[in-house]
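Everything below concerns the one structure shown next.
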Amino acid sequence: MRPSNRNINQIRPVSIKTDIIKNAEGSCNIKCGNTEIICTATIDENVPHFIRKTGLGWVTAEYGMLPRSTNSRMKRESSRGKQGGRTLEIQRLIGRSLRTCVDRLLLGERQIIIDCDVIQADGGTRCAAITGGWIALKLASDHLVKNQIIDENPIINQVAAISCGIYNDEPILDLDYEEDSNVKTDANFVLNQKNEIIEIQVSAEKDPFSFKDFEKLFELSKGGIEKLIDFQSKAIKSE
């Protein structure tokens with residue numbers, strides 16, 4: 001039995017509210033169980049120097065956790081003078097994942113910046129950030145088309161992410177913090193609506209795992225991401 005009492009293939013309750021930040025071109029609040037994140041998208045007519053004069057757009061991300069998003073207060077990274085390695089790794093993952101769903105030529109020479117701010121953390125924050133980040137990105141892209149800044153929507157794929165793990169020798173889906181802290185194998189899957197792989201992060205926390213174990217985790221992830229993509233679609237249709 002899982003600590004959360006969920007079935008092995010059961011995701012946490014999901015809630016998504018869109019357009020929660022009036023100043024952002026795209027925004028949402030996503031809740032996956034007790035994990036809650038605000039995702040905003042900002043359209044910037046400037047691009048990084050390495051793609052200037054190429055005609056291509058860019059998508060990037062920033063990620064952060066509020067001091068009391070966890071059980072004990074964390075120091076703000078700004079007070080330490082630099083971002084931690086975990087933060088940098090997560091925001092790069094978010095950026096890589098979301099760039100795969102954009103036709104950068106259709107976006108034009110501008111960038112969309114996705115900010116993911118964790119209000120409450122209970123496991124799976126990077127995955128929820130990617131899932132919510134896609135919604136913010138889609139809404140910002142719709143804004144560009146609606147305001148006739150670009151002719152065609154650059155979104156070409158739908159992207160979501162979910163965690164899996166092996167707990168008591170059994171694969172389980174969508175880990176909360178207690179489960180994540182005790183799994184033998186920890187994995188994050190980023191897929192699109194075609195079940196095509198964007199990124200997989202998987203590691204043995206205790207004992208090595210077999211390829212058969214990996215296949216079970218992958219199958220679980222596909223079912224979970226299918227549900228998350230359905231939640232995404234319903235959220236943007238309510239616009």
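The values are calculated or read from the model by the stated rules, or taken from the named source; none is laboratory data. The shown structure was predicted, so the numbers you read here are calculated from the model rather than taken from an experiment. When we count neighbours, we look across all protein chains shown, and the Cβ atoms used for this are built from the backbone with ideal geometry, even at glycine.
Listed by first and then second residue, the pairs linking a residue in segment 20-33 that is more than 25 Å from residue 177 (Cβ to Cβ) to a residue that is in a loop (DSSP other than H, G, I, E, B), with Cβ atoms under 7 Å apart and 6 or more places separating them unless they lie on different chains, are 27/19; 27/20; 27/21. Can residue 2 be described as of a type outside the set (S, T, N, Q), within 23 Å of residue 179 (Cβ to Cβ) and not in a strand (DSSP E or B)? Against the criterion (of a type outside the set (S, T, N, Q), within 23 Å of residue 179 (Cβ to Cβ) and not in a strand (DSSP E or B)), residue 2 qualifies.
Residue count for segment 100-124, restricted to those that are crowded, with 24+ Cβ neighbours inside 10 Å and assigned to a helix (DSSP H, G or I): 1. The residues of segment 206-226 that are out of contact with any Pro (no Cβ under 9 Å at 6 or more places or on another chain), buried (at least 18 other Cβ atoms within 10 Å of the Cβ) and assigned to a helix (DSSP H, G or I), listed by number, are 218, 221, 224, 225. For segment 3-42, the tally of residues that are under 24 Å from residue 219 (Cα atoms), among the basic types (Lys, Arg) and touching a strand residue (DSSP E or B) at 6+ places or on another chain (Cβ under 6 Å) stands at 2. When we screen 213, 169, 174, 180 for residues that are without any contact (Cβ under 8 Å) to a residue 40 or more places away in the chain and either of a type in the set (D, E, K, R) or touching a Ser or Thr at 6+ places or on another chain (Cβ under 8 Å) (or both), the only hit is 169. Residues that are in a loop (DSSP other than H, G, I, E, B) and at pLDDT below 95 were ranked within segment 157-178; the one that is surrounded by the most Cβ atoms within 10 Å (Cβ to Cβ) is 168.
The single residue among 203, 233, 141 that is assigned to a strand (DSSP E or B), more than 14 Å from the chain's Cα centre (by Cα) and hydroxyl-bearing (Ser, Thr, Tyr) turns out to be 203.
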